[in-house]
Amino acid sequence: MNENVSAAQLRQFIERIETLEEEKKAVADQIKDVYAEAKGTGFDTKTMRSIIRLRKMEASARAEAEALLDTYKTALGLID
């Protein structure tokens, strides 16, 4: 009996994960469509992705990453 309960519970977990994976793919497709729409109106999607990545970061982590980037750019002569 314990094996039947475990198998049923496992099946439920698997089916929930499969459903969530389908939903995740649907959301990813919607995001792709939004980027395509933005690109079609003239926006640079690489820059948009960078902005989204920066907005996810905490302010202190963002400041640290920008300072490090400036340091590297200066070392390579990309900044006056």
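We did not get these values from a lab; they are worked out from the coordinates using the rules stated. Computed from a predicted structure; not experimentally measured. Heads up, the Cβs are rebuilt from the backbone with ideal geometry, glycines too, and the neighbour counts pull from every protein chain shown.
Numbers for the structure displayed
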item: Single match in 65, 28, 61 (criterion: assigned to a helix (DSSP H, G or I) and loosely packed, with under 11 Cβ neighbours inside 10 Å); result: 28
item: Which listed residue is in a helix (DSSP H, G or I), of a type outside the set (Ser, Thr, Tyr) and in contact with a Ser or Thr (Cβ under 7 Å, 6 or more places away or on another chain), from 73, 39; result: 39
item: Every residue from segment 31-45 that is exposed (fewer than 10 other Cβ atoms within 10 Å of the Cβ) and on the phi < 0 side of the Ramachandran plot; result: 40, 41
